[in-house]
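Structure record follows, encoded as structure tokens.
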Amino acid sequence: MNDQAQGLRNLIQSNAAKQRNTKVITVTSGKGGVGKSNFSLNFALTLQSQGYKVLIFDADIGLANIDVLMGVSSKYSLYHLLKKEKTIWEIIERGHHGIEFIAGGSGFTDLMRLTDQELDYFSEQVGQLNGYVDYIIFDTGAGLSKETLKFILAAEETIVVTTPEPTAITDAYAIIKMVTNLNHQVPFRLVVNRIADEKEGRDTAAKISMVARQFLQLDIPTLGFVADDAHVSKAVRKQVPFTVAFPNSEAARSIRDLTNRFLHGQTFTGSSESSGVKSFLSRMIRLLR
């Protein structure tokens with residue numbers, strides 16, 4: 001029976017892969033407390049509501065909380081995959097509206113210490129996700145840890161979440177500068193969270209963009225702004241994503257606007273050599289070895 005189920009899953013995956021060009025995105029921030037994980041979750045849910053299939057990798061080693069934000073208890077994590085106790089399909093969990101996610105836990109720390117043989121197994125397992133979803137979103141830890149750095153360098157693009165607070169702005173620029181100074185051309189996009197009004201959001205984005213252009217010769221497009229909305233903290237307490245609990249809230253409307261902007265700039269040709277899960281894994285394995 002298990003062999004039949006696996007065969008059916010492989011057939012479904014094979015058919016889906018012909019239709020999908022999986023895009024790997026990293027979401028990060030210069031410091032904690034800016035709402036990065038909340039953004040990742042609600043961004044993923046909004047993409048899904050637009051008809052795209054999305055998988056979230058909770059790669060925040062110290063403060064993994066995608067499951068907490070949804071009030072879901074994760075039975076398995078990446079740890080169980082690396083220990084070969086479970087397959088990639090068995091560690092996928094489901095939350096609100098069927099959104100799929102993988103809990104990282106201590107698994108991402110273990111990932112940095114794998115042997116070549118273990119890395120090959122990891123690559124083979126995660127590679128099966130190619131074509132299974134339209135987007136894989138890695139919600140990384142705040143700041144530039146060695147784990148976060150590798151995900152940023154391997155992903156196709158990185159969304160940097162900040163707030164108008166001076167320390168958040170400084171730290172957001174610092175993470176962009178550090179990656180750029182490693183001579184890696186990582187496409188960044190900026191999201192300014194918890195804005196009082198659009199002017200504050202534009203002013204914040206302009207500060208980062210101006211300094212990046214002046215000192216790094218780098219253009220940082222702004223993906224959008226998310227309003228400072230009391231409904232967000234209410235949703236956190238309810239352990240329900242705010243786009244689900246309060247779909248008509250200002251924050252939910254903000255997420256929908258920036259998601260539409262994100263999708264408007266995307267093309268799915270399937271021809272880019274640098275796109276897809278296999279390309280991501282190839283870059284990741286080179287960084288880990």
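Quick note: the coordinates plus some simple rules give every number you see, no bench work behind them. Bear in mind that the values here come from a model prediction, so they are computed numbers and not experimental data. A quick note on method: Cβ atoms are made from the backbone with ideal geometry, for glycine too, and the neighbour counts reach across all protein chains shown.
Observations, loosely collected:
- Each of 161, 211, 133 has some number of other Cβ atoms within 10 Å of its Cβ, and from fewest to most they run 211, 133, 161.
- GluC sites (Glu not before Pro) within segment 194-289, DSSP loop, no more than 14 other Cβ atoms inside 10 Å: 273
- Segment 76-150 shape via C-alpha gyration tensor axes, a/c threshold 1.5: oblate
- Size of segment 118-183 from its Cα atoms: along the principal axes, largest to smallest, the extents are 42, 24, 19 Å.
- Rounded to the nearest 0.05, the FRET efficiency derived from the C-beta distance between residue 178 and residue 203 at R0 = 22 Å is 0.40.
- By other beta-carbon atoms within 10 Å, ranking 100, 124 with the fewest at the front produces 124, 100.
- With θ taken as phi - 60° and the Karplus curve 6.51 cos²θ - 1.76 cosθ + 1.60 applied, the whole-hertz 3J(HN,Hα) list for segment 75-91 is 6, 10, 9, 4, 3, 5, 5, 5, 7, 6, 8, 9, 8, 4, 6, 7, 9 Hz, x standing for glycine and proline.
- Amide hydrogen proximity for residue 138: with H placed 1.01 Å from N in the peptide plane, the residues at 5 or more positions away or on another chain lying under 5 Å are 25, 26, 27, 57.
- Ascending count of other beta-carbon atoms within 10 Å, so fewest first, for 208, 137: 208, 137
- Computed from the C-alpha gyration tensor, the three semi-axes of the ellipsoid equivalent to the chain are 29, 22, 18 Å, from longest to shortest.
- For segment 154-266, the relative contact order is 22 percent, taking Cα pairs closer than 8 Å that sit 6 or more residues apart in sequence and dividing their mean separation by the residue count.
- Relative contact order, percent, the chain [alpha-carbon distance under 8 Å, six or more residues apart]: 25
- Sparse packing (at most 16 other Cβ atoms within 10 Å of the Cβ) combined with a DSSP loop state is found for the following GluC sites (Glu not before Pro) in segment 39-96: 85, 90.
- Across 30, 71, 104, mean-square fluctuation computed from a Gaussian network of the chain (C-alpha pairs under 10 Å connected) peaks at 71.
- For the chain, the mean residue ellipticity at 222 nm estimated from helices alone is -15000 deg cm²/dmol, where every DSSP H run of n ≥ 4 contributes -39500 (n - 2.57) and the total is divided by all residues, rounded to the nearest 500.
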